[in-house]
1. Under unit Cβ charges (Lys, Arg +1; Asp, Glu -1), what dipole magnitude, rounded to 20 debye, does the chain have relative to its Cα centre?
2. How do the peptides 203-213, 94-104 rank, highest first, by the average count of neighbouring beta carbon atoms within 10 Å per residue?
3. Once every DSSP H run of n ≥ 4 in the chain is given -39500 (n - 2.57) and the sum is divided by its residues, what mean residue ellipticity at 222 nm do you get, rounded to the nearest 500 deg cm²/dmol?
4. Which of the pairs LYS75/LYS218; LYS9/LYS115; LYS75/LYS115 have their Cα atoms more than 25 Å apart in this structure?
5. What percent do you get for the relative contact order of the chain when only Cα pairs under 8 Å and 6+ apart count?
6. Report the label-to-label distance for ARG28 and LEU379 in nanometres (one decimal), using points 7 Å from each Cα along the Cα→Cβ vector.
7. Pop a pseudo-label 7 angstrom from the Cα along the beta-carbon direction at both ALA91 and ARG72 and give the gap in nm to one decimal.
8. Which residues' amide hydrogens lie under 5 Å from the amide hydrogen of ASP187, considering only partners 5 or more residues apart or on another chain, with H built in the peptide plane?
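What follows draws every value from the coordinates through simple rules; no lab data is involved. Quick caveat, the model's predicted, so the values are computed rather than measured. Ideal geometry is used to build each Cβ from the backbone, glycine not excepted, and the neighbour counts take in all protein chains shown.
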Amino acid sequence: MSRPQRIKKMSLSKALDKYYATVSIHKRGHQQEFYRVNVIQRHPLARKAMDEITTVDIASYRDERLSQINPRTGKNISGNTVRLELALLSALYNLASVEWGTCRSNPVEMVRKPKVPGGRDRRLTSQEERRLSRYFQAQNSVLYTIFHLALETAMRQGEILSLRWEHIDMQHGVAHLPMTKNGSSRDVPLTRKARNLLQNLTMALSGDVFHYTSAGFKSAWRVALGRLKIEDLHFHDLRHEAISRFFELGTLNVMEVAAISGHRSLNMLKRYTHLRAYQLVSKLDARRRQTQKIAPYFVPYPACIETVTEGPDGHVGYCIHLSDFEDLHVCGLTRESTIEAAGILLLRTLAQAAQRGERVPQPGALPEGMADRIMIHPLLQAA
């Protein structure tokens, strides 16, 4: 009868150092794992020997972490953060029990894990898109390009920041990503707008397209949200928004969207199919396919009417601003003629977008704080 193998004493802290140096460092996400290692090492649990840590210790660590406040957000540490820390500990114990001889069992396996949160469904509103676009355009043209490139391509932040000129084929409209989060390469189609955005930069034959570090860009993003008072919007939400828009086009199937976004599992795309209610109504009510494609463009848009006084004689005129569009306005002599001109201008703008297959902003709410507000319909009289 063989004698049980003698356990080698090793503190959890030293085991974490060894695991990071031999395992984590070879992962693409080793930087995130480095942060998790540091968090666990600062906990009193890390001073205990691996074989002395029990399921009770792990459960206590879990509960303590879930009750702590994240100093950056002011909210409790998320269940997903704690779940990833426990996953790291579990992987460490599985390896150590087989290869290092520092423990015989895995105390993490039997402990309840925090529930996996559902995917975020945060959508970028038309107003937020306009405000961020104007802010970045005024502050920094590179940030403006990154912002719109995310919405046009659904690329992740890291993928955009790692773009290189030698991997961008303007002739065929493709950006090649040699290495993605999934560990494989991907070719991302570039829309006309995406190509124009890149062409407006100082192009080169090779080298980085953008010179932002991940930390530097995150800081710039947080500053922008703070100044614009936009809450709970992550840059990754732009990827969700872009993929949702791909589905809302109605011309791409799931496989095609997956090819663009780089999702390996089609199940991952189920969360992106929650279309806005008005679009579902439009589909249900559509009688013909052509009507279904074109009709969503020609819907009423909110506007505000401003009375203006011109000249020394105090002549009164009117200006109408369509708030959902960049600098779309019209002025006239009478209220009625100005409303009619606004409808014609809106119709022309929407028709040109439909002809080019471009996305138009969705109608927002009527502008607040304006006394004279109105809905401009591109096909009918103003309501």
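1. Working: 54 positive and 37 negative charges, 426 e Å.
Computed charge dipole of the chain: roughly 2040 debye.
2. Values: 203-213: 12.1, 94-104: 16.3.
Peptide ranking by packing, descending: 94-104, 203-213.
3. On the way: 14 runs with 167 residues, N = 383.
For the chain, the value works out to -13500 deg cm²/dmol.
4. Details: LYS75/LYS218 19 Å; LYS9/LYS115 33 Å; LYS75/LYS115 17 Å.
Table pairs above 25 Å Cα-Cα are LYS9/LYS115.
5. Working: 475 pairs, mean separation 42.8, N = 383.
Worked out over the chain, it gives 11 percent.
6. Going from the ARG28 label point to the LEU379 one covers 4.6 nm.
7. Calculated label separation equals 1.9 nm.
8. LEU177
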